[in-house]
1. Using a 7 Å offset from Cα along the direction of the beta-carbon, what are the separations from B:Ser190 to the same position in each other copy, nm, ascending?
2. Under the convention of a label 7 Å out along Cα→Cβ, give the distances in nm from B:Leu166 to the same position in every other copy, shortest first.
3. I'd like the Karplus ³J(HN,Hα) series for region A:195-207: coefficients 6.51, -1.76, 1.60, θ = phi - 60°, whole numbers in Hz, and an x wherever there's a Gly or Pro.
4. With a point put 7 Å past each Cα toward its Cβ, work out how far A:Lys68 is from B:Thr135 in nm, to one decimal.
5. Once amide H atoms are built 1.01 Å from N in the peptide plane, which residues 5 or more positions from B:Gly119, or in another chain, come under 5 Å H to H?
6. Considering only DSSP states other than H, G, I, E and B, which chymotrypsin sites (Phe, Trp or Tyr not before Pro) in region B:26-104 qualify as loop sites with at most 16 other Cβ atoms within 10 Å?
7. Give me a comma-separated list of calculated 3J(HN,Hα) values for region B:31-38, in order, Karplus coefficients 6.51, -1.76, 1.60 applied at θ = phi - 60°, integers in Hz, x for any Gly or Pro.
8. Could you check the simple spin-label distance between B:Ser91 and B:Asp199, using points 7 Å along Cα→Cβ, in nm with one decimal?
Protein chains: 2
Amino acid sequence: MGEPETKRARLEQNEVKDMLDFDQATQKSLEEIDKVQSEIDSLNEQASEEILRVEQKYNQLRKPHFEKRSNLIKNIPNFWVTAFVNHPQVSRILGEEEEECLHYLTKLEVEEHEDIKSGFRIRFTFDSNPYFENTEIVKEFQLGQFEPTSTTTEIKWKPEKKPDKLANGKSENAPKSFFEWLTDNSDPASDDLAEVIKDDIWPNPLQYFLVPDLEAEAEDDGDS
Amino acid sequence: MGEPETKRARLEQNEVKDMLDFDQATQKSLEEIDKVQSEIDSLNEQASEEILRVEQKYNQLRKPHFEKRSNLIKNIPNFWVTAFVNHPQVSRILGEEEEECLHYLTKLEVEEHEDIKSGFRIRFTFDSNPYFENTEIVKEFQLGQFEPTSTTTEIKWKPEKKPDKLANGKSENAPKSFFEWLTDNSDPASDDLAEVIKDDIWPNPLQYFLVPDLEAEAEDDGDS
Ligand SMILES: [Ca+2]
Ligand SMILES: [Ca+2]
Ligand SMILES: [Mg+2]
Ligand SMILES: [Mg+2]
């Protein structure tokens, strides 16, 4: 209910009382409606704050479980690259060389900002690898401002290792490769892949890691 | 996070333990990840329930203010029809005869279902009028099911008073008149006007009632 509140603020500045040419009874009712409206607006704000506090509380409660999960995932070779390959939207842009590179991805984390609505970070942690010097690459979204922005850790590619698609400049429309997505911050307000990672993969990556075996099992149904 | 939960349910049915051909250490880690994931899922459900309770609480707290507002609005001649005429999206489909008819609209209410997510009602209360016998017309949205539905109180038009557009059947695409919208329940999942009434007009109708005078005031700025 952000928009109505903004418009209300404008009404208050001008003051209902001074600006309208209504008969006295109507004028009085309008002023009373304006007062009631302020009470409704104040309840809306209280509700938003209370919901935010609930979300923050559960973010804190989930944190140790996500950490435990990250540590368990580290024990499983190629967990993240497998989950990505099995994910319909990620696999669509994942090049062969990029897939090789993501074998070194040992940890993926999504961290919401403390006040939640202001943004989040996707943190990729890598083993040392032949592709780049970084062991951590972070793509961060700042969504609190009027114009959302995003930034990515600069990637220090090793000689001859920067993918051709990046060297040749970004694609005209949607990113066509994983690292193009990772380093492209031109349209943070409609970053579909970031949303997929934050709202689909991160909440439950195990389902994507397991998918192909599930399908193989389905074919085995007869002899079980 | 509804989707991940559904997919998880499927994983549980099949049981991670029996269905995967991993080495023992990986197998053990996967089972532990599955357990952690269950804990995360359970926290997600608790968070959703807690947020629902906050929303329900504030719906109850807002109710007396909305009722007070409704009673004040009744004192103001043509409040609702004026707000509709001043609203860009409603005015676009409001025919001249319909506008005449809406002079008899004395009360508009939006009531969310008790469990909120399952739907809402828009209730229009009319003075006795030359157009139809009803004093109350309710358009109700049931959103809890897989397929959302909506229903409208049957309108008992007085002789010769049913608008031509309704008599000639509904428009092919978006409704072209207010009463066509009101009585059309063919696509409840994308009812833009219902959303406008619920999320824009209902939260603060005063701003739309006042708009034209605000603009007149803006022109007066020099002599204030
Ligand atoms: Ca005036
Ligand atoms: Ca198997
Ligand atoms: Mg993890
Ligand atoms: Mg009201």
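Just so it is clear, none of the values below were taken in a lab; they were calculated from the coordinates. These figures come from a predicted structure and were not determined experimentally. Glycine also receives a Cβ, built like all others from the backbone with ideal geometry; neighbour counts cover every protein chain displayed.
1. When each copy's label point is compared with this one, the spacings are 1.6 nm.
2. 6.3
3. Once rounded to whole Hz, the list reads 5, 4, 5, 6, 9, 10, 6, 4, x, 7, x, 4, 4.
4. 6.1
5. Residues meeting the criterion, in which the H sits 1.01 Å from N, are B:His113, B:Leu143.
6. Working: sites: B:Tyr58, B:Phe66, B:Phe79, B:Trp80, B:Phe84, B:Tyr104; in loops: B:Tyr104.
Answer in residue order: no site qualifies.
7. 5, 5, 4, 4, 5, 4, 4, 4
8. 2.3
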